[in-house]
Amino acid sequence: MKFGGTSVADIDRIRNVARHVKRETDAGHEVAVVVSAMSGTTNRLVEWCREAAPLHDAREYDAIVASGEQVTSGLLAIVLQEMGVNARSWQGWQLPILTSDAHGSARILAVNGDEIVKRFQERKEVAVIAGFQGIHKETGRITTLGRGGSDTSAVAIAAAIKADRCDIYTDVDGVYTTDPRVVPRAHRLDKVAFEEMLELASLGAKVLQVRAVELGAIQQVRIFVRSSFDKPEDIDPNAEPPGTLICFEEEIVEQHLVTGIAFSKDEAQISVRRVQDKPGVAASIFGRLADANINVDMIVQNVSENGATTDLTFTVPEADYARATDVLTKAKSAIGYEKLDGATDVAKVSVIGFGMRSHAGVASEAFKALAEKKINIRAITTSEIKFSILIDAAYTELAVRTLHSLYGLDKASA
Ligand code: ADP
Ligand code: ASP
Ligand code: MG
């Protein structure tokens with residue numbers, strides 16, 4: 001059972017979470033619990049690090065931001081004890097949850113679940129584990145898993161204790177066709193395949209961290225997204241609650257052309273104008289960005305008319321925009337281009353669905369619908385089960401709503 005930030009935002013909500021846990025243990029289920037920091041806490045801790053020094057030691061950043069989960073794990077253990085449930089908190093380093101040393105976005109390498117299982121079986125002791133954090137064994141330093149990382153902690157714990165299911169309790173009652181806060185007509189999906197969820201998550205749907213989905217697929221953990229806001233006692237612990245199961249494609253009977261729409265405003269566009277149209281130029285540009293650890297996403301290059309120069313446009317995360325332009329400006333003469341253009345007020349809207357594998361023209365319908373709304377498309381990429389378009393950020397909501405209706409995803413009652 002994993003509870004996110006809004007679900008543990010104050011002591012009352014933590015009590016509510018404890019009642020969910022108690023309902024399950026009363027029903028005879030063996031559970032382990034993973035918690036996030038109280039909502040807003042991690043943002044505040046990150047901000048403090050930036051204020052202390054814009055460029056700071058990543059190991060100390062982790063020591064600081066991991067503290068939010070330490071607090072909620074202790075608080076939930078206290079509240080559970082008060083309700084008569086035997087419980088104790090575990091920090092990442094105590095279990096331990098071993099990770100790589102990529103501070104700020106560490107990968108989980110190994111989790112020891114034996115102690116959790118043993119203690120539950122021997123004395124019904126519920127483990128309340130601090131999400132988001134782990135330890136790098138060789139250096140003994142605390143690490144964190146990247147924003148939203150408690151989801152990944154939960155899936156890793158579920159795999160380690162061989163759980164039947166990993167329930168992600170959050171502030172929505174499942175995975176929707178798009179963010180229900182932006183499109184009220186979005187509807188909940190009963191099941192989503194790992195591959196589609198991987199695309200949705202990596203293209204902006206923050207309901208699950210990408211790595212949690214990846215790990216779930218590899219370790220074959222059934223992930224179930226559900227609401228923590230339902231009254232705990234109203235839920236029958238032995239019935240199927242409302243929510244979304246992330247599972248393998250074979251389990252999904254009803255196939256749609258489009259499953260969902262994701263969007264991200266954390267994008268920036270860079271155009272390198274009049275680069276030489278010759279072998280090695282792309283390598284020279286993208287090699288430098290890779291060396292600087294900058295992820296490049298959409299790439300568009302024109303075939304030059306005269307065989308001499310062309311323009312190359314691509315996107316990077318908005319947070320890396322300044323660094324990326326800096327890298328390219330410094331290497332201007334080595335790369336050989338005329339000038340750099342860029343924009344940070346852009347957004348990427350992506351349409352995802354297995355149906356695209358076998359249906360032609362899914363993307364072209366979108367272009368027509370967006371043109372009717374006078375939304376200009378800056379770049380397009382496609383792959384087997386998705387396509388993404390880059391547009392002005394101001395039109396994000398309009399574009400998402402337009403496509404949501406176009407592909408018949410609007411809730412019937414709306
Ligand atoms: P938690 O703190 O529980 O981890 P998050 O804020 O990380 O919760 O993720 C839940 C949020 O994800 C929802 O409140 C919702 O606004 C957003 N979201 C984005 N896309 C989707 C989607 N397709 N389905 C459901 N929620 C989505
Ligand atoms: N507290 C962390 C964050 O806000 C991890 C999480 O909530 O999953 O990113
Ligand atoms: Mg989250």
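Taken together, the values in this text are just the output of simple stated rules run on the coordinates, not laboratory data. No experiment lies behind these values; they were computed from the predicted model shown. A quick note on method: Cβ atoms are made from the backbone with ideal geometry, for glycine too, and the neighbour counts reach across all protein chains shown.
Here are the numbers for the structure shown:
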quantity: Failed item in (1) free of Cβ contacts under 8 Å to residues at least 12 places away in the same chain; (2) within 16 Å of ligand 2 (Cβ to nearest atom), with G146 passing the rest; calculated: (1)
quantity: Whichever residue in segment 143-165 is of a type outside the set (A, V, I, L, M, F, W, C) and surrounded by fewer than 24 Cβ atoms within 10 Å (Cβ to Cβ) and, among such residues, is farthest from ligand 1 (Cβ to nearest atom); calculated: K162
quantity: Candidate set: segment 368-384, residues that are surrounded by 15 or more Cβ atoms within 10 Å (Cβ to Cβ) and in contact with a strand residue (DSSP E or B) (Cβ under 6 Å, 6 or more places away or on another chain); chosen: the one nearest to E195 (Cα to Cα); calculated: T381
quantity: Matching strands (runs of 3 or more DSSP E) fully within segment 166-248 where at least 1 residues are within 16 Å of ligand 2 (Cβ to nearest atom), in contact with a helix residue (DSSP H, G or I) (Cβ under 9 Å, 6 or more places away or on another chain) and aliphatic (A, V, I, L, M); calculated: 166-170, 223-227
quantity: Flag for L398 being among the hydrophobic types (A, V, I, L, M, F, W, C) and closer than 16 Å to T177 by Cα; calculated: yes
quantity: Every residue from segment 312-365 that is of a type in the set (S, T, N, Q) and over 22 Å from the mean Cα position of the chain (by Cα); calculated: T313, T325, T329, S333, S358, S364
quantity: Those residues of segment 329-362 which are within 18 Å of N295 (Cβ to Cβ) and either among the aromatic types (F, W, Y) or surrounded by 20 or more Cβ atoms within 10 Å (Cβ to Cβ) (or both), in sequence order; calculated: V346, A347, K348, S350
quantity: Filter pass, E267 being farther than 26 Å from A37 by Cα, part of a loop (DSSP other than H, G, I, E, B) and away from ligand 1 (no atom under 13 Å from the Cβ); calculated: no
quantity: Test: residue in segment 214-225 that is without any contact (Cβ under 8 Å) to a residue 12 or more places away in the chain, within 13 Å of ligand 1 (Cβ to nearest atom), crowded, with 18+ Cβ neighbours inside 10 Å and within 28 Å of T402 (Cβ to Cβ); calculated: no
quantity: Residue check for A239: free of Cβ contacts under 8 Å to residues at least 12 places away in the same chain and among the hydrophobic types (A, V, I, L, M, F, W, C); calculated: yes
quantity: Pairs with Cβ under 6 Å, 6+ apart, first in segment 154-180 and in contact (Cβ under 8 Å) with a residue 60 or more places away in the chain and under 22 Å from G353 (Cα atoms), second more than 12 Å from ligand 1 (Cβ to nearest atom) and outside any strand (DSSP E or B); calculated: D173/P242
quantity: Cβ pairs under 7 Å, 6+ apart, first in segment 82-110 and free of Cβ contacts under 8 Å to residues at least 12 places away in the same chain and β-branched (V, I, T), second surrounded by 19 or more Cβ atoms within 10 Å (Cβ to Cβ) and outside any loop (DSSP other than H, G, I, E, B); calculated: none
quantity: Helices (runs of 4 or more DSSP H) completely within segment 10-92 that count 2 or more residues being within 16 Å of ligand 3 (Cβ to nearest atom); calculated: 11-26, 41-52, 67-82
quantity: Subset of segment 111-128 (residues that are touching a Lys or Arg at 6+ places or on another chain (Cβ under 9 Å) and either within 16 Å of ligand 3 (Cβ to nearest atom) or assigned to a strand (DSSP E or B) (or both)); calculated: V126, A127, V128
quantity: Every pair of residues 6+ apart whose Cβ atoms lie under 7 Å, when the first sits in segment 130-141 and is assigned to a strand (DSSP E or B) while the second is within 10 Å of ligand 2 (Cβ to nearest atom) and β-branched (V, I, T); calculated: A130/V35; Q133/T144
quantity: Conditions (1) β-branched (V, I, T); (2) more than 23 Å from V17 (Cα to Cα); (3) crowded, with 17+ Cβ neighbours inside 10 Å; (4) touching an Asp or Glu at 6+ places or on another chain (Cβ under 7 Å): number failed by I168; calculated: (2)
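Condition check ((1) under 23 Å from M197 (Cβ atoms); (2) within 12 Å of ligand 2 (Cβ to nearest atom); (3) out of contact with any helix residue (DSSP H, G or I) (no Cβ under 6 Å at 6 or more places or on another chain)) across all residues:
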residue: E122; (1), (2), (3): no, no, yes
residue: K137; (1), (2), (3): no, no, yes
residue: I142; (1), (2), (3): no, no, no
residue: S150; (1), (2), (3): yes, yes, yes
residue: K162; (1), (2), (3): yes, no, yes
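Residue-by-condition table, conditions (1) among the small types (G, A, S); (2) within 30 Å of A193 (Cα to Cα):
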{"site": "Q301", "(1), (2)": "no, no"}
{"site": "D326", "(1), (2)": "no, no"}
{"site": "K330", "(1), (2)": "no, no"}
{"site": "A334", "(1), (2)": "yes, no"}
{"site": "A343", "(1), (2)": "yes, no"}
{"site": "A360", "(1), (2)": "yes, yes"}
{"site": "A366", "(1), (2)": "yes, yes"}
